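Undergrad: The following block contains the structure, expressed as structure tokens.
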Amino acid sequence: LEIPFGKTIAILGANGSGKSTLIQLLCRYYDPTSGSMELDGIDLRDLALADIRKRVALVSQSTVLCNRSGYENMVYGIPEATREEGVLAANLALAHEFITTALTEGYGTIVGQSGQKLSGGQRQRIALARAILRKPEILILDESTSQIDMASELQIRETLQAMKGQMTILIITHREALIALADEVYTMNSGVLSLSEIPRSAAA
């Protein structure tokens, strides 16, 4: 699989087919036992972990938040971010409205251990805002809208559409709204990738 910078790729496949393994290799959570994973032609094993993680932002289905405020969770790892940048990212991720209307202390509301005071969809929106705020070179969405309602997901798709070309986007999803963003769609089957057609209903 070769992905030029700025392309958006969707990866489909059944549970256990190897989709998340591919993502974990790209994030260098572990190394391949054969072959290689390369960034700009350089084997990831020859790059510093800090350099890899600085370039990549991952939003997964299982979002883990700290027992801090919503705002602190959004800017976690991005200490140079301004308040205005944080609010803009929250708006782009459709998190601003629920933060300011549903949380008792707005951005200052403590969200609980692992974000337990928030719904699954609210946690995913904060995680997406954090990823957008980082302005990564590679954005990975691993079932990142699985707990978000369809109307909100369509609006998030518009945000991602506006970001296309500015970064490389990898999408693992079964939701057609996000598949429609892809320049190419691949199917994973028992660890083997094959190029697929974009489903007509998604492309329409």
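Undergrad: Taking a point 7 angstrom from the Cα of F5 along the C-beta vector, which residues in the stretch 119-143 have backbone N less than 11 Å away?
TA: Flagged as within label range: 137-138.
Undergrad: For the stretch 1-109, which whole percent of the accessible surface, found with a 1.4 angstrom probe, sits on carbon and sulfur atoms?
TA: In the stretch 1-109, the share of accessible area belonging to carbon and sulfur is 51 percent.
Undergrad: Can you run phi through the Karplus equation (6.51, -1.76, 1.60; θ = phi - 60°) for the stretch 14-22 and list ³J(HN,Hα) in whole Hz, with x for Gly and Pro?
TA: For the stretch 14-22, the Karplus-derived couplings read 6, 4, x, 7, x, 4, 5, 4, 4 Hz, x marking Gly and Pro.
Undergrad: Now for a different question. So for the stretch 54-198, averaging the separation of alpha carbon pairs under 8 Å that are six or more residues apart and normalising by length, what relative contact order in percent results?
TA: It comes to 28 percent, rounded to a whole number.
Undergrad: Here's another thing I want to ask about it. Compute the angle between helix 120-134 and the longest alpha-carbon principal axis of the chain, please, reported from 0 to 90 degrees and rounded to the nearest 10.
TA: 80
Undergrad: Would you kindly compute the Cα radius of gyration of the chain and its largest Cα-Cα separation (Dmax), both in Å?
TA: My reading of the Cα-based Rg and Dmax gives 17.0, 51 Å.
Undergrad: Moving on to the next point. Sorted by average packing, counted as other Cβ atoms within 10 angstrom per residue and highest first, what order do 117-127, 78-88 take?
TA: 117-127, 78-88
Undergrad: Which one, S36, S69, S20, has the greatest fluctuation when you compute a Gaussian network model over the chain with C-alpha springs under 10 angstrom?
TA: Comparing S36, S69, S20 in the GNM, the peak value goes to S36.
Undergrad: With both bridge residues required to lie in the chain, what share of the DSSP beta bridges run antiparallel, to the nearest 5%?
TA: Looking only at bridges with both residues in the chain, the antiparallel portion is about 30 percent.
Undergrad: How many Å² of accessible area per residue for the stretch 118-175, probe 1.4 Å?
TA: Per residue, the stretch 118-175 has 36 Å² of solvent-accessible surface.
Undergrad: Something else about it: Rounded to the nearest percent, how much of the accessible area of the stretch 150-202 (1.4 Å probe, protein heavy atoms only) is carbon and sulfur?
TA: Carbon and sulfur together cover 49 percent of it.
Undergrad: Related question: Angle check, please: helix 83-92 long axis (alpha carbons) against the longest principal axis of the chain (alpha carbons), in degrees 0 to 90, nearest 10.
TA: 60
Undergrad: Which value in deg cm²/dmol, rounded to the nearest 500, describes the helix-derived mean residue ellipticity at 222 nm for the chain, given -39,500 (n - 2.57) per DSSP H run of n ≥ 4 and division by the residue count?
TA: Computed ellipticity for the chain at 222 nm equals -9500 deg cm²/dmol.
Undergrad: Next up: In Å, what Kirkwood hydrodynamic radius results for the stretch 1-57 from the alpha-carbon pair distances?
TA: That comes to 12.5 Å for the stretch 1-57.
Undergrad: Let me ask something else. Pairs of Cα atoms under 8 Å, at least six residues apart: use those to get the relative contact order of the stretch 64-115, whole percent.
TA: 64
Undergrad: Given a Förster distance of 45 angstrom, what is the FRET efficiency for T101 paired with L49, based on the Cβ-Cβ distance and rounded to 0.05?
TA: Step by step, r from the Cβ atoms, then E = 0.70.
Undergrad: Let me ask something else about it. Grab the Cα-Cα distance for A151 and K135, subtract it from 0.36 nm times how many residues apart they are, and report the gain in nm with one decimal.
TA: Full-extension gain reported as 3.3 nm.
Undergrad: For the chain, modelled as a Gaussian network with Cα springs under 10 Å, which listed residue fluctuates most, Y30, Y186, Y107?
TA: Result for the chain, Cα springs under 10 Å: Y30 fluctuates most.
The values are calculated or read from the model by the stated rules, or taken from the named source; none is laboratory data. Small disclaimer: the values here were computed from a predicted structure and weren't measured. Methodologically, a virtual Cβ is constructed for each residue, glycine included, from the backbone with ideal geometry; neighbour enumeration extends over all protein chains shown. With ligands, DNA and RNA removed, areas are computed over all heavy atoms of the protein, side chains included. Shrake-Rupley method; radii C 1.70, N 1.55, O 1.52, S 1.80 Å.
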